[in-house]
Amino acid sequence: MMAASQSSYAQLQTLTYLVDEGQVLVDLPRGDIRELLSEAAEEGLHASAVPATVILERMGELNATLKDSFQPKKSDISTLNLRVILPKSSMPNGASAPKITSFIAVSYCWHTDNSTPLEHQWLPADAANPIVPGWDISRPMMDVVMSHVRRVPDAQGGLEGVWLDKLCIQQTDQAEKVDLVGAMDTIYHSARRVVILLEDIKLSAREDAAGLAYAQFYHDLSRETNTRGLQGAAKGQFIQQYFPRREQELREEGKAHIIEDAKDFACKILSARWFSRAWCLHESRMARHLKVNNPLFLCFGHTKVLDFEFRCLYYIAMYLHSQGPCNIDNPFENLDKPNPTTLQQLWYRMVRLRAEVDPEVSAMEHFVNVLSSGCKYKQDLVSIALNTARLPIVFKLEGDNVGEADLLWIFSILVLATGDLTPLVMMGSKLEITNQGGRKMISWAVKPPRSVLGNREKLTMPESITAVTGEYIELDLLVFDTFPIPPSSFAMQAAETIINKHCLQEVAKDFMATDDFTASAIEKAVENLRLLDNIAVANRPGPGPFSDSLTAWLALALDCGLDWIKQFPDAMLADTRDRWTFGTLGEIANPILTDAARSVLAFFSADANDDQTLKAVIRCMTCLLDNRLIFFTMFPRRIEVGPQLGGSAITSFSGDKLRIAVPAAIAHLPGWHKRVWAIEPFTLSPSFSSSEPSLLPSEPKEHEPKNDAGREDGEGIWQVKMRHAIFGCPCWDLGNLPGGNSKGWVLQKGQKVYGGMVIDGET
């Protein structure tokens with residue numbers, strides 16, 4: 001069996017840096033590499049829903065140039081150049097070593113100097129001295145890392161090494177770096193343990209004591225839970241009461257200051273630079289977060305280096321922040337904070353460091369989550385997201401540092417190539433890019449908030465998307481003949497009569513959401529509506545749109561007709577029963593609305609004694625009074641979509657100039673998605689070549705003929721101005737609809753949709 005040996009690079013690093021430390025850098029033989037990494041590599045390959053060949057082939061169809069920036073990960077991991085640091089005593093002959101059967105991986109922030117850009121410079125704590133050459137970390141930290149190395153051969157007769165990227169990767173070999181960056185997920189997932197160095201954290205004596213006290217609470221809690229064999233509700237109650245009980249003991253012992261000091265301890269340790277760095281996030285997500293060999297944090301205590309398991313620190317921070325005031329207006333808002341300061345914000349940042357095990361989570365979420373983390377070379381963010389999402393490809397873009405905006409549209413195309421529609425439905429702000437001609441453009445893609453995007457949305461009509469660049473996306477569009485319209489005055493009068501007769505404004509108060517998350521989100525949305533309402537009233541005397549909200553919803557239903565009212569609850573139930581954040585709509589028929597439903601039937605001169613119809617109308621009324629509809633749209637409008645698509649649908653106000661279109665690729669998704677693209681025609685300026693498109697708005701037209709939803713000039717070039725939900729009708733299966741024109745809509749093939757052009761800083 002071949003033993004570990006030394007290449008010329010390993011020999012040079014050993015002689016230059018390690019020999020005086022009693023250490024040696026060795027290259028592992030192919031057999032050892034295969035045994036060390038194969039399990040994690042297989043897990044990664046199996047976790048990917050789409051093979052690398054399929055992703056790259058599809059990317060070539062969408063954007064052949066961009067495809068060249070990616071390559072498949074190495075399928076034979078034994079060809080990687082894997083090196084580890086060993087104690088010199090492990091190599092008695094100086095040239096060979098025993099078999100290596102495990103290793104510790106170090107996660108840390110590289111030290112900086114004056115040559116580093118100012119925004120990336122940082123200073124280790126005073127205790128981080130001296131710095132060990134080669135390792136480029138502090139000697140106290142290196143000594144603790146090496147103390148965790150198993151020195152006794154295991155059952156296989158093998159020993160353990162340490163993997164430190166700065167030493168173990170030949171930094172001047174670009175090909176080796178590309179291969180190993182692509183394999184970082186496999187390396188950190190294969191490590192027996194990941195040790196995390198927080199070299200900028202030095203705890204005070206009181207913070208030291210508080211951290212150790214609460215860590216002991218956690219370990220005692222874990223031990224007692226296992227010893228007692230607690231399960232289910234009994235276990236939950238015991239855990240919930242344990243820390244408060246131990247804190248009460250501290251108060252009785254006159255040590256209440258430790259409770260307050262614990263918050264200072266948690267805030268200080270969670271403010272370490274490591275928590276803000278993208279590669280560190282990657283390494284944490286890839287590590288095995290097991291009970292045994294849980295990732296281990298090292299920081300400088302008052303007199304020595306202290307260690308805390310990840311799960312221990314995570315629980316302490318979660319408990320302590322839960323004891324203080326909490327902002328529930330938007331639980332995800334804190335994920336947007338690039339520089340968190342409160343314990344709640346710091347803990348939310350730590351949440352993102354846990355391993356993501358759900359293969360259905362969109363790769364776009366992996367990329368968005370890492371965007372707020374610092375990274376010297378922004379293109380590394382793509383590599384990190386590819387690894388954490390377990391996509392079997394490698395990003396190999398070289399050259400100048402690429403901006404975040406370019407990376408967003410690049411990754412959006414990549415996600416589409418995997419068969420995930422998330423980039424087409426995610427919300428966000430305008431994404432400003434610069435095209436190859438140096439012109440500032442607004443991309444079709446958006447810049448999403450740093451928050452949860454959800455699971456991947458599977459593409460069922462790949463042929464409907466034919467080309468994608470940063471500036472435009474070429475795809476099939478379902479374009480509607482008509483524009484969204486407000487309720488008719490006749491329906492508004494009838495709705496107002498029904499509402500007043502049955503006191504529905506008061507009844508609606510009993511339909512308010514009760515859970516904190518939904519209620520607070522509704523309250524925030526209502527505040528925004530009231531603000532808009534006040535602006536509207538200031539500009540136009542009389543009731544504003546918010547004042548007429550319930551009346552408008554009921555009037556729209558009356559305009560849509562009785563058949564639409566009867567199917568509306570089923571449509572809403574189908575839209576919300578799967579993965580809608582705020583629960584389910586349409587499944588309840590509240591009997592308190594029976595008389596109001598009879599009035600609705602009377603409006604249509606329908607038989608109120610038909611129990612089946614009456615129950616359907618009651619369900620519809622129950623749904624219309626539910627304030628969660630505000631999350632679909634704040635300003636509902638009715639649009640005719642034709643009999644094949646359900647007759648009528650509800651969408652949002654978008655003016656009377658913008659066409660309402662739905663990309664065919666996302667037409668089948670639930671109605672809570674922002675499927676509508678409100679578009680207007682664009683014209684390519686003849687003074688620019690097609691490789692440097694300059695887009696100018698077409699002259700505004702009056703309403704186009706109702707029987708022609710397409711461009712009059714037939715060029716098929718548009719600008720997307722808004723994105724809205726469209727709902728209240730059955731699920732659309734465009735695969736079973738005829739192409740071309742139909743009553744209410746036209747399916748246009750290969751339409752180019754741009755985000756727009758920046759002129760004097762504006763779109």
(request) Kindly establish whether Gly324 is part of a loop (DSSP other than H, G, I, E, B), touching a helix residue (DSSP H, G or I) at 6+ places or on another chain (Cβ under 9 Å) and not hydroxyl-bearing (Ser, Thr, Tyr). (result) yes
(request) Search the range 353-393 for residues being hydroxyl-bearing (Ser, Thr, Tyr) and either within 17 Å of Lys73 (Cβ to Cβ) or surrounded by 20 or more Cβ atoms within 10 Å (Cβ to Cβ) (or both), and hand back the single one that is nearest to the chain's Cα centre (by Cα). (result) Ser362
(request) Specify the residue that is nearest to Val292 (Cα to Cα); the eligible residues are those in the range 220-235 that are open to solvent by less than 40 Å² (accessible area, probe 1.4 Å) and out of contact with any Gly (no Cβ under 9 Å at 6 or more places or on another chain). (result) Ser222
(message) Based on this model, can you work out whether Lys177 counts as without any contact (Cβ under 8 Å) to a residue 40 or more places away in the chain and either within 29 Å of the chain's Cα centre (by Cα) or under 24 Å from Ala127 (Cβ atoms) (or both)?
(response) yes
(message) Just to verify a result, which residue in the range 403-413, among those that are out of contact with any helix residue (DSSP H, G or I) (no Cβ under 7 Å at 6 or more places or on another chain) and not acidic (Asp, Glu), is least open to solvent (accessible area, probe 1.4 Å)?
(response) Leu408
(message) Asp68 - would you say it is free of Cβ contacts under 8 Å to residues at least 24 places away in the same chain, within 25 Å of Ser412 (Cα to Cα), within 38 Å of the chain's Cα centre (by Cα) and surrounded by fewer than 19 Cβ atoms within 10 Å (Cβ to Cβ)?
(response) yes
(request) Count, please, the residues in the range 41-65 that happen to be open to solvent by less than 60 Å² (accessible area, probe 1.4 Å), part of a helix (DSSP H, G or I) and of a type in the set (Val, Ile, Thr). (result) 1
(message) For Leu180, only one of the following conditions fails: (1) out of contact with any strand residue (DSSP E or B) (no Cβ under 6 Å at 6 or more places or on another chain); (2) exposed (fewer than 15 other Cβ atoms within 10 Å of the Cβ); (3) within 29 Å of Arg311 (Cβ to Cβ). What is its number?
(response) (2)
(message) If I ask for residues that are among the hydroxyl-bearing types (Ser, Thr, Tyr) and within 36 Å of the chain's Cα centre (by Cα), which ones from the range 549-596 would you list?
(response) Ser549, Thr576, Thr581, Thr584
(message) List pairs: first residue in the range 655-667 and within 14 Å of Gly735 (Cβ to Cβ), second residue open to solvent by less than 10 Å² (accessible area, probe 1.4 Å) and small (Gly, Ala, Ser) anywhere in the structure, Cβ distance under 7 angstrom, at least six positions apart or on different chains.
(response) Ala664/Ser464; Ala665/Ser464
(request) Using the structure shown, decide if Thr683 is of a type outside the set (Lys, Arg) and modelled with pLDDT of 90 or more. (result) no
(request) Report whether or not Glu260 is in a helix (DSSP H, G or I), at pLDDT below 95, farther than 30 Å from Ala40 by Cα and not aliphatic (A, V, I, L, M). (result) yes
(request) Starting from residues that are part of a loop (DSSP other than H, G, I, E, B) and among the aliphatic types (A, V, I, L, M), keep the ones in the range 640-672 and report whichever is surrounded by the fewest Cβ atoms within 10 Å (Cβ to Cβ). (result) Leu658
(message) Looking at Tyr242, Tyr188 in this structure, which one is open to solvent by less than 20 Å² (accessible area, probe 1.4 Å), among the aromatic types (Phe, Trp, Tyr), closer than 30 Å to Asp143 by Cβ and assigned to a helix (DSSP H, G or I)?
(response) Tyr188
(message) Taking the conditions exactly as written (free of Cβ contacts under 8 Å to residues at least 60 places away in the same chain, in contact with a Phe, Trp or Tyr (Cβ under 8 Å, 6 or more places away or on another chain), assigned to a helix (DSSP H, G or I) and not aliphatic (A, V, I, L, M)), does Tyr218 satisfy them or not?
(response) no
(message) Can you pull out every residue in the range 673-684 that is open to solvent by 40 Å² or more (accessible area, probe 1.4 Å) and among the aliphatic types (A, V, I, L, M)?
(response) Leu684
(request) Kindly check whether there is at least one residue in the range 468-480 that is at pLDDT below 90 and either under 30 Å from Glu404 (Cα atoms) or not acidic (Asp, Glu) (or both). (result) no
(request) Just name the residue that is farthest from Leu66 (Cα to Cα) out of those in the range 415-437 that are in contact (Cβ under 8 Å) with a residue 24 or more places away in the chain and part of a loop (DSSP other than H, G, I, E, B). (result) Met427
(request) Taking only the range 257-293 into account, find how many residues are open to solvent by less than 10 Å² (accessible area, probe 1.4 Å), closer than 20 Å to Glu199 by Cα and touching an Asp or Glu at 6+ places or on another chain (Cβ under 7 Å). (result) 3
(request) Go through the range 195-215 and give me each residue that's in a helix (DSSP H, G or I) and of a type in the set (D, E, K, R). (result) Arg206, Glu207, Asp208
(request) Report the residue count in the range 452-475 for those that are part of a strand (DSSP E or B) and either open to solvent by less than 10 Å² (accessible area, probe 1.4 Å) or over 24 Å from Gln719 (Cβ atoms) (or both). (result) 6
(request) State which residue is surrounded by the most Cβ atoms within 10 Å (Cβ to Cβ) when the search covers only the range 22-34 and only residues that are assigned to a helix (DSSP H, G or I) and touching a Ser or Thr at 6+ places or on another chain (Cβ under 7 Å). (result) Ile33
(request) Name every residue in the range 590-636 that is at pLDDT 95 or above and assigned to a strand (DSSP E or B), in order of residue number. (result) none
(message) Please go through the range 135-148 and give me each residue that is open to solvent by less than 10 Å² (accessible area, probe 1.4 Å) and in a loop (DSSP other than H, G, I, E, B), ordered by number.
(response) Trp135
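The values are calculated or read from the model by the stated rules, or taken from the named source; none is laboratory data. Worth saying up front: this structure is predicted, and the values here are computed from it rather than measured. All Cβ positions, glycine included, derive from the backbone under ideal geometry; neighbour counts span all protein chains shown. Keep in mind that these areas ignore ligands, DNA and RNA; they rest on the heavy atoms of the full protein, side chains included. Shrake-Rupley method; radii C 1.70, N 1.55, O 1.52, S 1.80 Å.
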